[in-house]
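The values are calculated or read from the model by the stated rules, or taken from the named source; none is laboratory data. The model shown is predicted, which means the values in this text are computed figures rather than measured ones. Reconstructed Cβ throughout: ideal geometry from the backbone, glycine too, with neighbour counts over all protein chains shown. Accessible surface is based on the protein model in full, side chains and every heavy atom, while ligands, DNA and RNA are left aside. Shrake-Rupley method; radii C 1.70, N 1.55, O 1.52, S 1.80 Å.
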Amino acid sequence: MLVVEDLVVAYGAVVALHGVSLEAKQGEIVTLIGANGAGKSTTLRAVSGMVAPRRGSVRLDGREVGGVPAHRLVRRGLAHVPEGRRIFTGLSVRENLELGAYTVRGRAEVAARLERVLALFPRLAERIAQSGGTLSGGEQQMLAIGRAMMARPRLLLLDEPSLGLAPLLVREIFREIARINREEGTTILLVEQNAHLALSTAHRGYVLETGRVALADAAPALLESPRVRAAYLGAT
Amino acid sequence: MSPRLRLLLQALPALALGYVVVRMLVGDVGGGTTLLDYLSIGVTQGAIYAFVALGYTMVYGIIRLINFAHGEFFMAGAFAGYFVLRDAGIERWALPQPWPVLLAYLAALLAAALVAGTLALVAEAACYRPIRKAGRVAALLTAVGLSLLLQNLARQWPAIGPTQRPWPAPRMWAAADEVPSPADAHYYELKTFTSPTGERVEREKPVVFKGATMTPAVRQRLAAEGGRNVFRKGELSRTVVDRSIVLMLAAAAVGLWFLVQRTRTGKAMRAVSEDMAAARLMGVNVDRVIAATFFLGAFLAGLGGVAYCAKYGQVDPLTGFMPGLKAFIAAVLGGIGSIPGAVVGGLFLGVSENLFAAEVSTEWKDVLAFVLLVVVLLLKPTGLMGRPYREKV
Amino acid sequence: MWTLAAEFQFSWLWVAEVLVGVALYAMLAASLNLVTGFGGMFSLGHHGFFAVGAYAAGWMASLAASVEPGSAAGWAVFAASAVFAVAASAAAGLLVGLPCLRLRGDYLAIATLAFGEIVRIVIQNTPALGGSLELNVPRLVMRPRGLAEVESFRELFLVVGVAALAVVLVVIRNIVRSAHGRAVVSVREDEIASELLGVPTTRYKVRAFVLGAAFAGLAGWYYAHYTGSIAPANFDMLVGIKILLIVVLGGLGSLTGTVLAAAVLVGLERLLQSGVFGEDLKRWMQVEYALILILVMLLRPHGLLGRFELGDLFRRRARGGRAA
Ligand SMILES: Nc1ncnc2c1ncn2[C@@H]1O[C@H](COP(=O)(O)OP(=O)(O)OP(=O)(O)O)[C@@H](O)[C@H]1O
Ligand SMILES: [Mg+2]
């Protein structure tokens, strides 16, 4: 579904990715792990069109999308929950969710999706009229994911969904992610600091180091890998 | 302050405003020197400021740009309206009065709004979009440059030129046979000829004076020409102009509120204003939303341009400058970025200026706007209706 | 005084006049660069301080109308009016700076814009300053009669202008290099961080602002004595914008750039005015000027030299949190 080949991305003079290749097949959860500044978020940004790649290719369903502006990719079934949630704090929860389905015409369809997302996250239903900025951090994270789900993406990019959440909530959110993948068949590319949790949820994983793929394998294999255990799982 | 007291303090000006507007709608105010007259003058002027302030505020709200050229969109609209009124010939349509004049004005307003809006679209695509990433100072100077450019283009352009022109007074056209005898007003016919420099010039030539009778020869000649070819000069009554302006503002404000709060485009506008990149991730075509915002703001400015010139009776290339500046102040007073703020700020400024002129001094009237601006900025930088100052770290 | 018959164009007389204009605008722009380029305060009302200085000097000179030009007394009043102009505009700077510098970014720009307009309207309504008409500034050091004297008058003022500009540039450069200046620049870079590090940001900002105002006042003094008559229309918003434009063209924080940009802009303006490019271009001069402004912004938004990142000033750091 998604194929990234030899991707190079630079911010001005700072080269963030030096030729990253990875792949996510239909229905998979693929996780990217790596240290701070390894280029995980940059990879997601390049896939969703927020930054233009300097070199290499990003293909979605076999079609090149490198350099296509972000708003067009949404219509091709891609949704990106960016780092730091980026919900619209001045808009109500309902409006935030409706914006998630901005590309969808037809009130009935939007209403149906809204209902479904609210069923996934009942907490949001209780706060539907509240403005986004008044939600707690965890609720905002749910809103960010729910908003992305409103687009019914075929490929969902998640950037650190666990950031700043209580452990209990993190587990809840990851259960949701697995369920979305199972029930809706959504392909998920997951960036996560909590490597253990990410690898337990995902089917396959990539380890990124300073802008390059250092390891790629099935998730259980990575969990067992000594190198990963030493560097990312805190095992001694 | 207790909530009840605060509510009262907020309700009082609103009630006063409501009272003034009602009196304006039902009676003839604005001609005398009572407080009510000055208030109504202030409300009318404030409504024009508000029209223009809406555009400033929308553009600022979405891309944080003080669009100095907004006053020139206003001017361009005013000229579009001027030419439609003068040259389109709608007033000659064979309809009972006052339909021809009314339709001519509607056409002028529409043309003004569309010309101003189109100009804003072009300006946005050609200047503001390319400069958006280069930083705020560069964008601001570009806006200033655009303002200068449009002003001076208008001054140099032969069809417009630097001189002040009187706003066309409505003409009530009639066929020669319809002129009563003795005539109930001065009647004129329009002669066009080519000047030595090759320009087409129009001259009003009297046909018959009030109380006199038309000679049969003239009547015959005119009847032979056919159609409505003589006119008497009408006049826009002050009350009609004032009422139309206030009602137009009310309609525009409600319409805009509905658009921004209730429609998909409005939601996209608010999203872009808050976080452009995140809006893009929702599938919002940010460039298009920004262009739409410019169009809408300039559309309103065009309406304001015709209203302003019809009210004050003249138009020239610098027409947009002072109202533009004042409207900008109004937008800041009300809280730049806020749509209700633009309306409140406009009315507040219009009313305070006219009360000040009436009670204190006319010469110092212009300084009041700037002093108010500084005072409000210092006490509440985000304006009367703005959100509390939020510092992004 | 600012326009000359065509036959004098490109003579030394004309060139001297252009150079005086360059010195004047370089002074103004350098003083604004201290405020905006180094201090990070976005001001649209710098012409207000220019006006305060010009009128202070002009008013003082008008009190000494009977002094013989070129006499010792004349020179004394000439010098005293410089001190007075600088003091007056510095006081105005303090008056504006103390309350307004709490405002940030656009809000400060708007407040300073309002200040500039207030100054103009106040002058317009003050009969002692000539109201909306001209205020005559009596000649104190030389009264030019005839062409030859006009020439030496201009030469004299060219020397005065270059000297004043040199003083302004040297003082600003020394300030910027001093500890004080580094504090000012740190305030520009990141106000909140500097505050946390214990830099008294407001005090440094006010100092830079007042000094910038004082130098604009010096430019006003120079202008008033050179032209010999001043009017509110000489100090409208366009002047403030022209000053800001020079600062941006020269590069925020670059003094060399400022002088260069002043030369380019004033020179270009005078060339267009002179009609060397033909009468059509002269007639359309205002249009061309505006077009050039826009084109320069579109093509070189970071200044002619482009040495400094203009965007850093107002663009907040990218949210992703880039590595330092
Ligand atoms: N807007 C930017 N401008 C300049 N450099 C940037 C920008 N964004 C990221 N970088 C740089 O690119 C590199 C990769 O950043 P990225 O955000 O992709 O890291 P990450 O793996 O997501 O890290 P983290 O786990 O901390 O989120 C870093 O060195 C960073 O400094
Ligand atoms: Mg990241």
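Return the only residue of A:Leu168, A:Leu155 being more than 16 Å from ligand 2 (Cβ to nearest atom) and open to solvent by 60 Å² or more (accessible area, probe 1.4 Å).
A:Leu168
Is it the case, given these coordinates, that B:Ala108 is out of contact with any strand residue (DSSP E or B) (no Cβ under 9 Å at 6 or more places or on another chain) and surrounded by fewer than 23 Cβ atoms within 10 Å (Cβ to Cβ)?
Judged against the criteria, B:Ala108 is not a match.
I need every pair where a residue in the range A:153-168 that is part of a loop (DSSP other than H, G, I, E, B) has its Cβ under 8 Å from the Cβ of a residue that is within 12 Å of ligand 2 (Cβ to nearest atom) and open to solvent by 20 Å² or more (accessible area, probe 1.4 Å), sequence separation at least 6 or different chains.
Pairs that qualify, where the first residue is part of a loop (DSSP other than H, G, I, E, B) and the partner is within 12 Å of ligand 2 (Cβ to nearest atom) and open to solvent by 20 Å² or more (accessible area, probe 1.4 Å), are A:Glu160/A:Glu83; A:Glu160/A:Gln193; A:Ser162/A:Gln193; A:Leu163/A:Glu83; A:Leu163/A:Gly84; A:Leu163/A:Gln193.
Can you confirm whether the range A:99-121 contains a residue that is under 13 Å from A:Leu143 (Cβ atoms) and in contact with a Lys or Arg (Cβ under 7 Å, 6 or more places away or on another chain)? Give the steps one after another, and end with the answer.
Our first condition is that a residue be under 13 Å from A:Leu143 (Cβ atoms); within the range A:99-121, this holds for A:99-100, A:114, A:117-118, A:120-121.
Still in the running and in contact with a Lys or Arg (Cβ under 7 Å, 6 or more places away or on another chain): A:99-100.
Scanning the range A:99-121, I find at least one residue that is under 13 Å from A:Leu143 (Cβ atoms) and in contact with a Lys or Arg (Cβ under 7 Å, 6 or more places away or on another chain), so the answer is yes.
To keep it simple, each residue is scored yes or no on (1) free of Cβ contacts under 8 Å to residues at least 40 places away in the same chain; (2) in a loop (DSSP other than H, G, I, E, B).
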| residue | (1), (2) |
| --- | --- |
| B:Arg155 | no, no |
| B:Pro162 | no, yes |
| B:Leu190 | no, no |
| B:Gly198 | yes, yes |
| B:Val207 | yes, no |
| B:Ala212 | yes, yes |
| B:Gln220 | yes, no |
| B:Leu236 | no, yes |
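Please go through the range C:250-264 and give me each residue that is modelled with pLDDT of 85 or more and open to solvent by less than 10 Å² (accessible area, probe 1.4 Å), ordered by number.
C:Gly250, C:Gly257, C:Thr258, C:Ala261, C:Ala262
Would you confirm, using the coordinates I've provided, whether A:Arg54 is in contact (Cβ under 8 Å) with a residue 40 or more places away in the chain and either in contact with a Gly (Cβ under 7 Å, 6 or more places away or on another chain) or away from ligand 1 (no atom under 16 Å from the Cβ) (or both)?
Here the answer is no, as A:Arg54 does not meet what is asked.
What pairs can you find where one residue is in the range A:29-48 and within 12 Å of another protein chain (Cβ to nearest Cβ), the other is near ligand 1 (Cβ under 6 Å from one of its atoms) and open to solvent by less than 10 Å² (accessible area, probe 1.4 Å), and their Cβ atoms are less than 6 Å apart, with a gap of 6+ or different chains?
A:Lys40/A:Gly34
Please determine, by comparing only the residues of the range A:184-197 that are farther than 14 Å from A:Leu44 by Cα and within 12 Å of ligand 1 (Cβ to nearest atom), which one is least open to solvent (accessible area, probe 1.4 Å).
So, considering only residues that are farther than 14 Å from A:Leu44 by Cα and within 12 Å of ligand 1 (Cβ to nearest atom), the one least open to solvent (accessible area, probe 1.4 Å) is A:Ala195.
Look through B:Leu256, B:Leu222 and report the one residue that is more than 30 Å from B:Gln164 (Cβ to Cβ), among the aliphatic types (A, V, I, L, M) and in contact with a strand residue (DSSP E or B) (Cβ under 7 Å, 6 or more places away or on another chain).
B:Leu222
How many residues does the range C:136-152 contain that are assigned to a helix (DSSP H, G or I) and touching a helix residue (DSSP H, G or I) at 6+ places or on another chain (Cβ under 9 Å)? Show your work before the answer.
Narrowing the range C:136-152 to residues assigned to a helix (DSSP H, G or I): C:146-152.
Restricting the remaining residues to those that are touching a helix residue (DSSP H, G or I) at 6+ places or on another chain (Cβ under 9 Å) gives C:147, C:150-151.
Number of matching residues: 3.
Which residue out of A:Glu126, A:Glu160 is surrounded by fewer than 19 Cβ atoms within 10 Å (Cβ to Cβ) and away from chain B (no Cβ under 11 Å)? Let's see the steps before the verdict.
Numbers: A:Glu160 fails: surrounded by fewer than 19 Cβ atoms within 10 Å (Cβ to Cβ).
The conditions single out A:Glu126.
Select from the range C:33-45 the residues that are assigned to a helix (DSSP H, G or I) and in contact with a Phe, Trp or Tyr (Cβ under 9 Å, 6 or more places away or on another chain) and write down the one among them that is nearest to the other protein chains (Cβ to nearest Cβ).
Applying the first criterion (assigned to a helix (DSSP H, G or I)) to the range C:33-45 yields C:33-38.
Now drop any that are not in contact with a Phe, Trp or Tyr (Cβ under 9 Å, 6 or more places away or on another chain), which leaves C:34-37.
Values: C:Leu34: 16, C:Val35: 13, C:Thr36: 8, C:Gly37: 10 Å.
My answer is C:Thr36.
Quick one: which of B:Val52, B:Val101 is surrounded by 24 or more Cβ atoms within 10 Å (Cβ to Cβ), assigned to a helix (DSSP H, G or I) and β-branched (Val, Ile, Thr)?
From the options B:Val52, B:Val101, the qualifying one is B:Val52.
Matching residues to (1) assigned by TED's automatic domain parsing to the domain that holds B:Met24; (2) modelled with pLDDT under 85; (3) not hydroxyl-bearing (Ser, Thr, Tyr):
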| site | (1), (2), (3) |
| --- | --- |
| B:Tyr187 | no, no, no |
| B:Arg200 | no, yes, yes |
| B:Leu222 | no, yes, yes |
| B:Ala253 | yes, no, yes |
| B:Val260 | yes, no, yes |
| B:Ala268 | yes, no, yes |
| B:Ala278 | yes, no, yes |
